[in-house]
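Here's the structure, in structure tokens; my notes come after.
None of the figures in this text is laboratory data; all of them are computed from the coordinates on show. Being a predicted model, the structure only gives us computed values, none of them experimental. In this analysis, Cβ positions are derived from the backbone assuming ideal geometry, glycine residues included, and neighbour counts consider all displayed protein chains.
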Amino acid sequence: MAILVTGGAGFIGSHTVVELLNAGHEVVVLDNLCNSNPKSLERVKEITGKEVKFYEGDILDRDILQKIFRENDIESTIHFAGLKAVGESVHKPIEYYENNIAGTVTLVDEMRKAGIKNIIFSSSATVYGDPAEIPITENCPKGVCTNPYGWTKWMIEQILTDLQKADPEWNVVLLRYFNPIGAHPTGKMGENPNGIPNNLMPYITQVAIGKLEKLSIFGNDYDTPDGTCVRDYIHVMDLASGHVAALKKLAPGSGLSIYNLGTGIGYSVLDIVHNFEKANDMKLNYVMAPRRAGDVPQCYSDASKAERELGWKAKYGIFEMCRDSWNWQKSNPNGYED
Ligand code: NAD
Ligand code: UD1
């Protein structure tokens, strides 16, 4: 029996494939490489010494999905494939709705035709909008998203919830990630953003390596301890092991399960800058800048449900997150192109 990992060549997918292989699972990856490089899967093999069966193709393509389900004994799907650039989604909403929502509907339709009814979906803390409670539990109501990317997560959660309700044979796990950073501790795998990064940590590492001149900190007048926004950063290896732990919720009769994957600790933008400087013994060039539209002041999890029900808890701290992000960047200044 194998696990189908859609988007498995990407940042979180590739790290999860490593952890799945290390846990003894057989893995099949489907990825159209629109935001990744197949070298990530070569690195998976270097790290684990194990093979991954790779299909280059699209979740919107029914033929390739049928081929995968014909040629492999798939028991469950971990569904990472999706477009994720917040700013781009504002300019290209149809492309985001088509790829993420139509793509997921096509995937689950072909899964049910093949009799496979187990899925773990990559959701995001973005579904909480400006959260009604801090720390955020899974009972916190979903909020108003500020961009089409966020709405695709919000809507796909609803689609999978409705599907499971209509057909209780489905087992669905919605994992709401907080802010994934870090990289594989070997420095062989990490985040490989296209163009100028929008997210904080890849921006910081590109300033550190001299590709970008300085970091702009978006807003220092929020109602937070130091005025900068607070987030729940989580090491990508912890996120990866969270998926392996979540597989147990795909047992028959599990139904619908929702988990926050975070550390439960909030760090401000300045905390991240200072921890990065300390972990890597360097000074970072930064300036204060106006607030960025759509940012919420604070977003961090109550991660106790995952610990209680999955026996999973984040192990890596902020030092390792900063160390491993930099280790990946400095060993691979041009990502997988090196
Ligand atoms: P990523 O872009 O590195 O990985 C996504 C992968 O999906 C890429 O390899 C891409 O080529 C592939 N893909 C996209 N559309 C596809 C399609 N139609 N068919 C086949 N493959 C397709 O992103 P990531 O950071 O690894 O994120 C993985 C998932 O987690 C995404 O769904 C993302 O929205 C979600 N997520 C990410 C974060 C984050 O901060 N990185 C936070 C919350 C949720
Ligand atoms: C963003 C997305 C979220 C998505 C997540 C992962 C928004 C509003 N939210 O979360 O939907 O799931 O990325 O892809 O875009 N910052 C700076 N300077 C920078 C970059 C960031 O100060 O150059 C600050 C931001 O203002 C924020 C914090 O750093 O306070 C984290 O930003 P980022 O890494 O972009 O993540 P989020 O905004 O939390």
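Starting from the eigenvalues of the Cα gyration tensor, five times each then square-rooted, give me the equivalent ellipsoid semi-axes of segment 35-101, largest first, whole Å. Write out the running numbers ahead of the final one.
Working: eigenvalues 136, 67, 17 Å².
Sorted largest first and rounded, they come to 26, 18, 9 Å.
Hey, what angle do you get for helix 269-280 against the long axis of the chain, alpha-carbon based, 0 to 90 degrees rounded to 10?
So the helix axis and the longest Cα principal axis differ by about 90 degrees.
How large is the charge dipole for segment 262-338, taken about the Cα centre, if only the Cβ atoms of Lys, Arg (+1) and Asp, Glu (-1) carry charge, to the nearest 20 debye? Don't skip to the end; give the middle numbers.
On the way: 10 positive and 11 negative charges, 37 e Å.
For segment 262-338, the charge dipole is close to 180 debye.
How large is the dipole of segment 251-296 about the Cα centre if only Lys and Arg carry +1 and Asp and Glu carry -1, each at its Cβ, rounded to the nearest 20 debye?
Details: 4 positive and 4 negative charges, 24 e Å.
Once rounded to the nearest 20, the dipole reads 120 debye.
If each DSSP helix of 4+ residues adds -39,500 (n - 2.57) and the sum is divided by the residues in the chain, what number results at 222 nm, nearest 500 deg cm²/dmol?
On the way: 12 runs with 125 residues, N = 338.
Result for the chain, helices only: -11000 deg cm²/dmol.
How compact is segment 145-263 by the rule of thumb for globular proteins, expressed as Cα Rg over 2.2 N^0.38 Å? Intermediate results must be reported in sequence, preceding the final value.
Values: Rg = 18.1 Å, N = 119, 2.2 N^0.38 = 13.5 Å.
Here the Cα radius of gyration is 1.34 times the empirical estimate.
Please report the antiparallel percentage of DSSP beta bridges with both residues in the chain, rounded to the nearest 5. It would help to have the intermediate numbers written out before the result.
On the way: 2 of 42 bridges.
In the chain, approximately 5 percent of DSSP beta bridges are antiparallel ones.
³J(HN,Hα) across segment 11-20 via Karplus (A = 6.51, B = -1.76, C = 1.60, θ = phi - 60°), whole Hz, x for Gly/Pro?
Listing the rounded values in order: 4, 6, x, 5, 5, 5, 4, 4, 5, 5 Hz.
Which order do peptides 253-262, 52-61, 177-186 fall in by mean Cβ count within 10 Å, highest first?
Numbers: 253-262: 20.4, 52-61: 18.3, 177-186: 22.7.
Highest mean packing first, the order is 177-186, 253-262, 52-61.
With unit charges on the beta carbon (Lys/Arg positive, Asp/Glu negative), name the residue among Cys140, Asn72, Tyr316 whose Cα is farthest towards the positive pole of the charge dipole of the chain.
In the chain, that residue is Tyr316.
With Kirkwood's inverse mean 1/r over C-alpha pairs for Rh, give me the Rg to Rh ratio of segment 1-154, two decimals please. All intermediate terms of the calculation are to be shown ahead of the outcome.
Numbers: Rg = 16.2 Å, Rh = 16.3 Å.
Rounded to two decimals, Rg over Rh is 0.99.
Equivalent ellipsoid semi-axes for segment 214-338, as square roots of 5 times the alpha carbon gyration tensor eigenvalues: give them largest first, rounded to whole Å.
Working: eigenvalues 183, 83, 32 Å².
The three semi-axes for segment 214-338 are 30, 20, 13 Å.
Val5's amide H: which non-local residues (gap 5+, or another chain) put their own amide H closer than 5 Å, with H modeled 1.01 Å from N in plane and none for Pro or chain starts?
The answer is Val28, Val29, Leu30, Ile78.
Leu215's amide H: which non-local residues (gap 5+, or another chain) put their own amide H closer than 5 Å, with H modeled 1.01 Å from N in plane and none for Pro or chain starts?
Asn285, Tyr286, Val287
By the gyration tensor of its Cα atoms, with a ≥ b ≥ c the square roots of the eigenvalues, what is the shape of segment 158-197: rounded for a/c under 1.5, prolate for a/b over b/c, or oblate? Before the final figure, lay out the partial values.
Working: a/c = 3.92, a/b = 2.59, b/c = 1.52.
The shape class here is prolate.
Using θ = phi - 60° and the Karplus form 6.51 cos²θ - 1.76 cosθ + 1.60, what ³J(HN,Hα) does each residue of segment 159-174 get, whole Hz, x for Gly and Pro?
These are the phi-based 3J(HN,Hα) values: 4, 5, 5, 5, 4, 5, 5, 6, 9, x, 5, 6, 10, 10, 10, 9 Hz.
Roughly how many whole Å is it from the C-alpha centroid of segment 272-338 to that of segment 97-138?
Here the answer is 24 Å between Cα centres.
Would you please state the base-10 log of I(q)/I(0) at q = 0.20, 0.22, 0.25 1/Å for segment 57-139, with intensities from the Debye formula using one equal scatterer on every alpha carbon?
-0.96, -1.05, -1.19
Could you state the angle between the C-alpha long axis of helix 318-331 and the longest principal axis of the C-alpha atoms of the chain, as a value from 0 to 90 degrees rounded to the nearest 10?
Helix 318-331 and the main axis of the chain meet at about 80 degrees.
Principal axis extents for segment 70-215, Cα atoms only, whole Å, descending order, please.
Projected onto its principal axes, the Cα set of segment 70-215 covers 53, 42, 31 Å.
On the principal axes of its Cα set, how long, how wide and how thick is the chain? Give whole Å, largest value first.
Principal-axis extents of the Cα atoms in the chain, largest first: 54, 43, 39 Å.
Can you count the Lys pairs in segment 1-158 whose Cα atoms are under 23 Å apart, with each pair 8 or more apart or on different chains?
Here the count comes out as 16.
Please compute the modelled spin-label separation between Lys211 and Glu98, points set 7 Å along Cα→Cβ, answer in nm with one decimal.
Modelled inter-label distance: 2.8 nm.
Using 7 Å Cα-to-Cβ label points, what is the Glu169/Phe319 separation (nm, one decimal)?
Between Glu169 and Phe319, the label points sit 5.1 nm apart.
Across segment 45-52, in residue order, what do the Karplus-derived ³J(HN,Hα) couplings come to in whole Hz, using 6.51 cos²θ - 1.76 cosθ + 1.60 with θ = phi - 60° and x for Gly and Pro?
For segment 45-52, the Karplus-derived couplings read 5, 4, 6, 9, x, 10, 8, 10 Hz, x marking Gly and Pro.
Pick out, in residue order, every one of the GluC sites (Glu not before Pro) in segment 114-184 that is DSSP loop and has at most 13 other C-beta atoms within 10 Å; say none if there are none. Spell out each step's value before the answer.
Numbers: sites: Glu133, Glu138, Glu157, Glu169; in loops: Glu133, Glu138, Glu169.
Here the GluC sites (Glu not before Pro) that fit, given the DSSP loop and packing criteria, are Glu133, Glu169.
Using alpha carbon centroids, what distance separates segment 207-257 and segment 10-50, in Å?
20 Å
So for segment 259-333, if I pair up every lysine 8 or more residues apart or on another chain, how many of those pairs have alpha-carbons under 20 Å apart?
Numbers: Lys278/Lys315; Lys278/Lys330; Lys283/Lys330; Lys305/Lys313; Lys305/Lys315.
Lysine pair count for segment 259-333: 5.
For the ranges 124-131, 304-311, what's the packing order if you count other beta-carbon atoms within 10 Å of each residue, average per peptide, and put the highest first?
Working: 124-131: 21.4, 304-311: 15.6.
Going by the mean number of other Cβ atoms within 10 Å, highest first, we get 124-131, 304-311.
Reported to two decimal places, what Rg/Rh ratio describes segment 108-194 when computed on Cα atoms with Rh from the Kirkwood expression? Don't skip to the end; give the middle numbers.
Numbers: Rg = 15.7 Å, Rh = 15.0 Å.
Using only Cα positions, Rg/Rh for segment 108-194 is 1.05.
To test your reading of the geometry: what angle, between 0 and 90 degrees and rounded to tens, separates the Cα axis of helix 62-71 from the longest principal axis of the chain?
Once rounded, the angle reads 70 degrees.
Can you give the convex hull volume per residue for the Cα atoms of segment 261-318, as a whole number of Å³? Please report the intermediate quantities before stating the final value.
On the way: hull volume 5.2 nm³, N = 58.
Convex hull volume per residue, Cα atoms: 89 Å³.
In segment 209-237, whose amide N lies under 19 Å from the spot 7 Å out along Cα-to-Cβ of Asp130? List them in ranges.
218-232
Assigning unit charges at the beta carbon (Lys, Arg +1; Asp, Glu -1) and nothing else, what dipole magnitude in debye, to the nearest 20, does the chain show about its Cα centre? Show your work: numbers first, answer last.
Working: 33 positive and 43 negative charges, 55 e Å.
Dipole magnitude for the chain comes out near 260 debye.
At what distance in nm do the modelled label points of Asp61 and Lys305 sit from each other, each positioned 7 Å from its Cα along Cα→Cβ?
Reported label-point gap for Asp61 and Lys305 is 3.6 nm.
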